[in-house]
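Structure first, then comments.
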C-alpha cells in the first residue's frame, strides 16, 4: 500500500518566483509523515509525543521540477524497510504532469525519559508494527 494525500500549493509555500520554496517541501514531507501516523496507523503525533517521538535521522531528496501556486500535488509515502526501531520510507510529490520531489527518509522510534533529557531508540509496538507492514513496498 501507499499512503496518499493531496495538498494545494498556497501563497505561504512559494518564493518570489512563484514556485515552492524548497524548505516548504520538507515541511510538507513532515506533515505527510504526521498524517500517515494519524490517519493510517491510528497513532497521532499528539498521542506519540507524550513519551516518545519519531525523529528523522536521514533524508535524501531530489528536487525534480517546480510546483507552482494553485497547483494540487499528490504526496505519496511508503515503507522500504522496517527495522526493530526504525524504518526507511520512500516518498514522491507529483503535480498534474511531473514529479516535483522524491527521495527517502529514515525515521527512528524513540523513547523519552520522564525528565525529557534522555532519548533512546525503542522497538515499535507490535500493534504499530502490524499497521506499518501493509505499507512495505517492493518498488513503487
- Listed residues 117, 64, 75; largest mean-square fluctuation, Gaussian network over the chain with Cα springs below 10 Å, found at 117
- Summing -39500 (n - 2.57) over the DSSP H runs of n ≥ 4 in the chain and dividing by its residue number, what mean residue ellipticity at 222 nm do you reach, to the nearest 500 deg cm²/dmol? -5000 deg cm²/dmol
- Item | Taking the convex hull of Cα positions in the range 3-135, its mean projected area over all directions (nm²) | 8.6 nm²
- Using eta = 1.567 mPa s and T = 4 °C, Stokes-Einstein with Kirkwood Rh from Cα pairs puts D for the range 1-54, in µm² s⁻¹, at 102 µm²/s
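Give me the percent of DSSP beta bridges within the chain that run antiparallel, rounded to the nearest 5. Walk me through the numbers on the way to the answer.
Details: 37 of 38 bridges.
Taking every DSSP beta bridge within the chain, about 95 percent pair in antiparallel fashion.
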- Would you mind ranking 93, 25, 45 so that the residue whose beta carbon has the fewest other beta carbons within 10 Å leads the list? 45, 25, 93
- Query: Could you give the angle, 0 to 90 degrees to the nearest 10, between helix 22-35's Cα long axis and the longest principal axis of the Cα atoms of the chain?
  - Reply: 50 degrees
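Every number here is computed from the coordinates shown, using simple stated rules; none is lab data. What you see is a predicted model, and the numbers here were worked out from it, not measured in a lab. Cβ: placed from backbone, ideal geometry, glycine included. Neighbour counts: every protein chain shown.
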